[in-house]
Amino acid sequence: MDVGESRALVFTPVTRNSLVILPLALALPAGYELVPAVVVIQTLIELTGTVVLMRLVPTWLLPTAPAPVPVST
């Protein structure tokens, strides 16, 4: 994988589409009033983590492309 693919692989598990669930959370019956707030807080935490990773990944985790694996024939 090149640098871009490696960095994308790091971001994949930490980013989700929480706001896609928000309309479903808003449609829940009485007694689940806290669920939409939890979804929004989850999204804010995810956004903060993504901003932090945008700084860490290029400088510390994957600064350059990984060394290619030699292929023996």
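Observations, loosely collected:
- Number of the exception - VAL38 against (1) assigned to a helix (DSSP H, G or I); (2) under 14 Å from the mean Cα position of the chain (by Cα): (2)
- Residue check for PRO68: loosely packed, with under 10 Cβ neighbours inside 10 Å and of a type outside the set (Lys, Arg): yes
- Selection of first residues in the range 44-73 that are more than 25 Å from LEU22 (Cα to Cα) and outside any helix (DSSP H, G or I) and of second residues that are among the hydrophobic types (A, V, I, L, M, F, W, C) and at pLDDT below 85, restricted to Cβ pairs under 6 Å at least 6 apart or on distinct chains, gives the following pairs, ordered by first then second residue: ALA65/VAL3.
- Residues of the range 2-25 satisfying the condition of being farther than 21 Å from LEU47 by Cα and either at pLDDT 80 or above or among the β-branched types (Val, Ile, Thr) (or both): VAL3
The values are calculated or read from the model by the stated rules, or taken from the named source; none is laboratory data. Note that the structure is predicted; figures quoted are calculated from it, not measured. Positions of Cβ are generated from backbone atoms using ideal geometry, with glycine treated the same way; all protein chains shown enter the neighbour counts.
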